[in-house]
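> Structure provided below as structure tokens; questions to follow.
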Amino acid sequence: MSASDHLALILDTLPDKPGCYIMKDESGMVIYVGKAVNLRARVRSYFHHSAQHSHKTVELVKRIADIEWIITGSELEALILEMNLIKQHRPRYNVRLKDDKRYPYIKVHWAEPFPKVTVTRQMHNDGSRYFGPYYSVWAVHKTLDVLRKIFPYLTCDREITGQDSRACLYYDIKLCNAPCIGKVDQQEYRQMIDDLCAFLNGRTDEITARLQLEMAAHSEQMQFEQAAIKRDQLRAIEEIVKRQRVFDTEYIDSDVIAIARSEREACIQIFFIRGGKMIGREYFLMEGADTETNDQEVLAEFIKQFYEQAAAVPKEVLLPAEIEEAGIIKQWLAQRSDQKVEIKIPQRGKKRDLIRMATENAAETLTSLQEQWQADRHRQSDSLADLQQALGMDQPPNRIECYDISNTQGMAIVGSMVVFEQGIPSKAHYRRFNIRNVTGPDDFASMEEMLRRRFKRWQGAEEQADVPGKKPDPSFSRLPDLLVVDGGKGQLSRAVAVLEEFGLIGQFPVAGLAKQHEELFLHGREEGLLLPRKSEGLYLLQRIRDEAHRFAITAHRNRRSREGITSILDTIPGIGPAKRKALMSHFGSLDRIRSASLDELTAVRGINEALAHAVQSHLG
């Protein structure tokens, strides 16, 4: 059966029911996901020759080789399923949040007796309170740096009994209120964390009112130290509130959403209005939003994808224009938040001014990002040109692969492969290798095993290229323009040996980057190459090498954790399982070992002065 006959059969058998449709190309990749009240009418409309389709839709239809559909009980169910499928497959022709998997949240571990505050990328139904998502981890940590000075929450892993003999350094610098030594009890600590949550929600009036009463009560009882703490909290809160623009004391909680466009990008700006004050703002970028996709479609897709992962939904969402799916989206938002949610398009007054201000901010943000991207592109081009010249290549090395090994005394050995394309990380092509056939801390043999497995995968991809229905892993199906190993001549020679096995010598340059003097060793060249210290090419190589190292270390730690090799004490020469157990039994925690004096360490059975110095050196 031909491809056209296959599609014709599918179109003839589509049901007249609500649901989702999944369009795939000839390789089986999902390229578009949509929903419909009537699947038959909606899907068939793509293939009507008389319809005035956009260029994007025409290109989509050309690539459709197969269509699957899923019937749902209602349009609302179809909406929810569509969002999940887009998030799972990230289809090329859908408008979607850029890099949505990486958006961080503030997590308050409310289910714990003494809740901590951390940063996470996932929300779970675990009794915690979540705030976000934020666009960047940097923004989250900047927020927490401010909050911790007002609400000095715990960051250590101590078991809080209130009976510890002394607090840690954070208490001395007023970044922890020391429940560990009983400075505050559980009720006081949880009240402080509850205030932190209220502050993140923009509820500052009740916090300041209560703090003022508590400060007055402490003063009357001549508890001047506690009164001063409350006073400092009040001043810090008031300083932040002063910077929060007040729009209307009678405003209900609102999110204000606006959009700015360029030829290839769409930037969404969102203002968070709580209690009449703007408590924060974020911007997000949308992929797949070309000039033929109208603003209303981009806004609708943003609302669905943002609130699908948002920690909270306000009572009101303000938009610059009507969206086609407003009715069903309001129904879904109400279900998400257990309250009625309005979507409004203000035409005049202060709310319209808010839309205008958000639109201006979106445009300024997009302009700034484009200038930054342009500067980065110039810098990346300079980096690649530097490497091309230094290595005597005919073309710039547009795909660079770098490899590194991480292990702890030969345990849990992990290799990392990172890929940079056009001078920027291509994280979808990163790969980890659990080294299986090497005993002990042999980085050379580990590198050989990793590279051998990498190029066996390349061979397999070459063999699968002409097999119908087989889609090779793009991480391995392409050869690099430049291969870099972390290390000097020794690691380079092992890499060359593997390439000789696969007949790849001469296909691309292979180099080892030694940490000492940042010397670059190249196959076929006796002397090492020292790139100029301010060379953009050297900077790029260092960045790639550091990224490979970071990726390897992270994978190694995860493997150690899975295999139960979790203590940093394992990395200290001379500290085996017995001495590690003795140290933990004596001190009770890593923090206490870290802060212990030399005399306290040598008081532990089996720990002599040399080992005590080693412990301090590794944990300091």
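The values are calculated or read from the model by the stated rules, or taken from the named source; none is laboratory data. Values in this document were obtained by computation on a predicted structure and should not be read as measured data. Ideal geometry is used to build each Cβ from the backbone, glycine not excepted, and the neighbour counts take in all protein chains shown.
> Going through segment 390-418 one residue at a time, which ones are without any contact (Cβ under 8 Å) to a residue 60 or more places away in the chain and either among the β-branched types (Val, Ile, Thr) or more than 26 Å from Gly490 (Cβ to Cβ) (or both)?
Initial filter on segment 390-418 (without any contact (Cβ under 8 Å) to a residue 60 or more places away in the chain): 392, 394, 410.
Scanning segment 390-418 gives a single hit, Asp394.
> Scanning segment 506-549 for residues that are modelled with pLDDT of 90 or more and aromatic (Phe, Trp, Tyr), which turns out surrounded by the fewest Cβ atoms within 10 Å (Cβ to Cβ)?
Checked segment 506-549; the qualifying residue surrounded by the fewest Cβ atoms within 10 Å (Cβ to Cβ) is Phe508.
> Turning to a different aspect of this structure: Say whether the condition of being in contact with a Phe, Trp or Tyr (Cβ under 7 Å, 6 or more places away or on another chain), surrounded by 16 or more Cβ atoms within 10 Å (Cβ to Cβ) and at pLDDT 85 or above is met by at least one residue in segment 550-562.
Looking for residues that are in contact with a Phe, Trp or Tyr (Cβ under 7 Å, 6 or more places away or on another chain), surrounded by 16 or more Cβ atoms within 10 Å (Cβ to Cβ) and at pLDDT 85 or above, one finds at least one in segment 550-562, hence yes.
> Can you tell me which residue is nearest to Arg379 (Cα to Cα) among those in segment 410-436 that are part of a loop (DSSP other than H, G, I, E, B) and touching a helix residue (DSSP H, G or I) at 6+ places or on another chain (Cβ under 7 Å)?
Filtering first and then ranking leaves Gly423.
> When residues of segment 146-157 are filtered for being surrounded by fewer than 17 Cβ atoms within 10 Å (Cβ to Cβ) and touching a residue at least 40 places away in the same chain (Cβ under 8 Å), how many remain?
4
> Could you tell me whether any residue of segment 3-21 is in a strand (DSSP E or B), touching a Pro at 6+ places or on another chain (Cβ under 9 Å) and touching a residue at least 40 places away in the same chain (Cβ under 8 Å)?
No, segment 3-21 contains no residue that is in a strand (DSSP E or B), touching a Pro at 6+ places or on another chain (Cβ under 9 Å) and touching a residue at least 40 places away in the same chain (Cβ under 8 Å).
> I would also like to ask the following. Output the number of residues of segment 402-435 satisfying the condition of being in contact with a Gly (Cβ under 7 Å, 6 or more places away or on another chain) and of a type in the set (A, V, I, L, M, F, W, C).
The number of residues fulfilling the criteria is 3.
> Looking only at segment 390-409, how many residues end up being part of a strand (DSSP E or B) and within 23 Å of His523 (Cα to Cα)?
Going through segment 390-409 one residue at a time, the tally reaches 7.
> Still on this structure, I have one more. For Ala178, which of the numbered conditions (1) without any contact (Cβ under 8 Å) to a residue 24 or more places away in the chain; (2) within 30 Å of Glu308 (Cα to Cα); (3) touching a Phe, Trp or Tyr at 6+ places or on another chain (Cβ under 9 Å) fails to hold?
The number of the failed condition is (2).
Every residue, every condition in (1) assigned to a loop (DSSP other than H, G, I, E, B); (2) at positive phi, yes or no:
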| residue | (1), (2) |
| --- | --- |
| Val438 | yes, no |
| Phe444 | no, no |
| Met447 | no, no |
| Arg454 | no, no |
| Phe476 | no, no |
| Pro480 | yes, no |
| Arg494 | no, no |
| Leu499 | no, no |
| His517 | no, yes |
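> Looking at Ile70, Ile80, Ile160 in this structure, which one is closer than 24 Å to Cys20 by Cβ, in contact with a Cys (Cβ under 9 Å, 6 or more places away or on another chain) and surrounded by fewer than 20 Cβ atoms within 10 Å (Cβ to Cβ)? Step through it out loud before you land on a result.
Working: Ile80 fails: in contact with a Cys (Cβ under 9 Å, 6 or more places away or on another chain); Ile160 fails: closer than 24 Å to Cys20 by Cβ.
The conditions single out Ile70.
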